[in-house]
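Each remark here refers to the structure printed beneath this line.
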Amino acid sequence: MKLINIGYDQEVYATVLLFDDGTKLYGEHDQDCCECHYLDFEHLELSDFDGLEFDLSNESFFERVSGYGIRLLPKNGLPIAVPGYGSNNGYYSSNIRLVVCKDGCFTDYDVTECQDISWD
């Protein structure tokens, strides 16, 4: 699969990577008051993905980088780094999930440890 768009999706309230087969990839966090946790897909450019192909059918399409974020691993070419950020007062959840959505079916991966957290 090839990436065809990067943009904000109102349905999931997140920046989404859209692939040519209709698959969406995004980060998700159930946000409460006084905290914010996310994978920063917004800094990516479509040109970063020129010529790259991905297989999102299993967990091998990315690697976790503890305290930083994730790396998307194409079948060809160099990895794409996606930082993760978080701020929290210690009371709420810091969970982040990487979500793959195709045809209404969801697969998610826990990437909570893949963020640079600041504690208030």
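The values are calculated or read from the model by the stated rules, or taken from the named source; none is laboratory data. Remember, it's a predicted structure, so these values are computed and weren't measured experimentally. Note that each Cβ is placed from the backbone with ideal geometry, even for glycine, and that neighbours are counted across all protein chains shown.
Structural remarks
- Checked across the stretch 5-21, the condition of being over 19 Å from Asp108 (Cβ atoms) and either small (Gly, Ala, Ser) or in contact with a Phe, Trp or Tyr (Cβ under 8 Å, 6 or more places away or on another chain) (or both) holds for at least one residue.
- Any chance Lys24 is under 15 Å from Cys101 (Cα atoms) and among the basic types (Lys, Arg): yes
- Only one of Leu39, Leu25 that is within 14 Å of the chain's Cα centre (by Cα), among the aliphatic types (A, V, I, L, M) and at pLDDT below 95: Leu39
- Counted residues, the stretch 106-120 - those being aromatic (Phe, Trp, Tyr) and modelled with pLDDT under 85: 1
- Matching residues in the stretch 67-105 - criterion: being surrounded by fewer than 18 Cβ atoms within 10 Å (Cβ to Cβ), at pLDDT 90 or above and in a loop (DSSP other than H, G, I, E, B): Tyr68, Leu73, Lys75, Asn76, Gly77, Leu78, Pro79, Asp103
- Among the residues making up the stretch 36-55, those that are surrounded by fewer than 17 Cβ atoms within 10 Å (Cβ to Cβ) and part of a helix (DSSP H, G or I) are Leu46, Ser47, Asp48.
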